[in-house]
């Protein structure tokens, strides 16, 4: 369906389609104020002493990077309750507040920092909710400029955004109601995490695996270069003490061993394969989330019929994140034929399992254990905001090989646990989404 919308040029502030289609706040303009009048840009340069660097995730949360992380160029300090956003990924939700119990956190110049403190400014909790609303995110998307893949929003454009600013007591009320409404959502999410945690413990116990997490790493270590497979402190420490100690009552074999599985790459994206004559749905990294597959936003890519069989996802294939955050790199999800004639891009590995030797449900369950998470994180190559693993990190991953009937029993049990956890997470997301809708309505009507 084609939609044509006419707008008088006198009403346009920017000459582009995104600006016309972006959402607007309902209600009176008198309650709208530019963000730049409510916050002040913080420019506290970090010059001496130790500081941890931060990352902003698409859900607005802020986490600390590895203590070994170093940033090129100048570093700027964000303080508790400061607002920080990524110039590139704010349109994906990478905007949030530094936790109020946090030490100062370092960010590069790609992350503008704002002080929101003061009685005449926005209540931090209200601001955090406002930045998650659909109207705010729509307006941010309309302001991004630049080439595909590197589109940014400038601090000046961000500061010019107009947002609803009710009186302080109303901001506190909206934030409190939102907080109360998401309590149940948080409880359900915690229940799901606990189910999977206990399920993993039981799963590993059935395999006779003793597992311990990596010890705290020392600040320095001496080890011969011949014992280090990657030039990082993590690799050096593993070569001496190991990231984990594993023993199993079943034989351990490399996942990519002959007769067990074959690892495949996906379609490399380029301007030449934008959906045209042969559009195919494809799975990308964003579709593989912590809780499993998210198929709410599946895009298309052009793959000619003669090339498609080599990149087609089949039921029982395991999809593995090749590039993602350190938390999600190596995250796996089993394909169950949810979409017909589907493929994947080159940032996602496809593992074709030999069902005469391995049950795909069992492999998928084992790849979700702490053993697998530690393995892939230890072998990830880090860039500024991204972690990546090579194919041999998957093919050399050691996996216990019990008899097929035991694999089937374990895989089925873990599927039941995961389905139960997924049901709780689905309800949690629905409750969270409704709480945000209610808050946005209150903001618009203030």
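The values are calculated or read from the model by the stated rules, or taken from the named source; none is laboratory data. Note that the coordinates shown come from a computational prediction; the quantities given were computed from them, not determined experimentally. All Cβ positions, glycine included, derive from the backbone under ideal geometry; neighbour counts span all protein chains shown.
For this structure, a couple of remarks:
- Options 18, 87; residue that is closer than 30 Å to residue 287 by Cα, modelled with pLDDT of 90 or more and in contact with a helix residue (DSSP H, G or I) (Cβ under 9 Å, 6 or more places away or on another chain): 87
- Residue ID - surrounded by the most Cβ atoms within 10 Å (Cβ to Cβ), chosen from residues in the stretch 400-420 that are in contact with a strand residue (DSSP E or B) (Cβ under 9 Å, 6 or more places away or on another chain) and over 14 Å from residue 334 (Cβ atoms): 400
- Taken over the stretch 273-296, the residue count meeting the criterion of being farther than 11 Å from residue 345 by Cβ and at pLDDT below 90 is 12.
- Residue in the stretch 356-367 that is in a strand (DSSP E or B) and surrounded by fewer than 18 Cβ atoms within 10 Å (Cβ to Cβ) present: no
- Flag if residue 324 is closer than 27 Å to residue 382 by Cα, under 15 Å from the mean Cα position of the chain (by Cα) and modelled with pLDDT of 90 or more: no
- So residue 319, is it under 23 Å from residue 419 (Cβ atoms) and at pLDDT 95 or above: yes
- Counting only helices (runs of 4 or more DSSP H) that sit wholly inside the stretch 66-183, those with at least 3 residues that are touching a residue at least 12 places away in the same chain (Cβ under 8 Å) and under 19 Å from residue 40 (Cα atoms) are 124-130, 155-160.
- Residues that are loosely packed, with under 15 Cβ neighbours inside 10 Å and over 14 Å from residue 84 (Cα atoms), drawn from the stretch 97-149: 101, 103, 118, 119, 120, 134, 145, 146, 147, 148, 149
- Here residue 242 clears all of (1) at negative phi; (2) at pLDDT below 90 except the condition numbered (1).
- The single condition among (1) outside any strand (DSSP E or B); (2) touching a helix residue (DSSP H, G or I) at 6+ places or on another chain (Cβ under 6 Å) that residue 250 does not satisfy is (2).
- With respect to the conditions (1) buried (at least 19 other Cβ atoms within 10 Å of the Cβ); (2) modelled with pLDDT of 95 or more; (3) under 30 Å from residue 258 (Cα atoms), residue 435 falls short on a single one, namely (3).
- Counted residues, the stretch 266-300 - those being part of a loop (DSSP other than H, G, I, E, B), out of contact with any helix residue (DSSP H, G or I) (no Cβ under 8 Å at 6 or more places or on another chain) and within 28 Å of residue 402 (Cα to Cα): 1
- Looking across the stretch 193-215 at every residue that is in contact with a strand residue (DSSP E or B) (Cβ under 9 Å, 6 or more places away or on another chain) and surrounded by 15 or more Cβ atoms within 10 Å (Cβ to Cβ), the one that is modelled with the highest pLDDT is identified as 207.
- From the list 187, 168, 152, the one residue that fits, being over 25 Å from residue 446 (Cα atoms) and modelled with pLDDT under 95, is 152.
Matching residues to (1) in a helix (DSSP H, G or I); (2) in the same structural domain as residue 58 (by the TED database); (3) free of Cβ contacts under 8 Å to residues at least 24 places away in the same chain; (4) over 26 Å from residue 210 (Cα atoms):
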{"position": "344", "(1), (2), (3), (4)": "no, no, no, yes"}
{"position": "372", "(1), (2), (3), (4)": "yes, no, no, no"}
{"position": "394", "(1), (2), (3), (4)": "yes, no, no, no"}
{"position": "433", "(1), (2), (3), (4)": "yes, no, yes, yes"}
{"position": "441", "(1), (2), (3), (4)": "yes, no, yes, yes"}
